[in-house]
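One structure is given below, encoded as structure tokens.
Here, each number is a calculation from the coordinates, and none is a lab measurement. Everything numeric here is computed off the predicted structure, so don't read it as measured data. Here the Cβ positions follow ideal geometry from the backbone for every residue, glycine too, while neighbour counts run over all protein chains shown.
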Amino acid sequence: MYCSYFQAKISKQDAWFFVAVLRSWEHLVLDRTIDKQESIFEFFVPSCLEDQFLDLMHYFEKEGIVSDLKKLSNRLADPSATV
């Protein structure tokens, strides 16, 4: 079974703070920058922690740090996907 997969745009000036906060929660999420120019991040979230992740992301949306959060099919589940 694959993790839940999300993408979101992160405010460039707040990206360092955002990443630091995410990494302070052990095992909550694996985050990566998928498009550095547009500041689009991807997130791999264990299904059992999805509610906690979404609570945190909604807080960041209210603060103007996160926008365009969307849940997508996990791109790693596609055998033809590039990593």
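Applying the selection to segment 30-83, what residues are among the small types (Gly, Ala, Ser) and over 12 Å from the mean Cα position of the chain (by Cα)?
Kept after step one, since they are among the small types (Gly, Ala, Ser), are these residues of segment 30-83: 39, 47, 64, 67, 73, 77, 80-81.
Within segment 30-83, 47, 64, 73, 77, 80, 81 meet the criteria.
Need a quick list: strands (runs of 3 or more DSSP E) entirely within the chain having at least 3 residues that are surrounded by 15 or more Cβ atoms within 10 Å (Cβ to Cβ) and not polar (S, T, N, Q). First the steps, then the outcome.
Working: elements: 4-10, 30-35, 40-45, 66-72.
Output list reads 4-10, 40-45.
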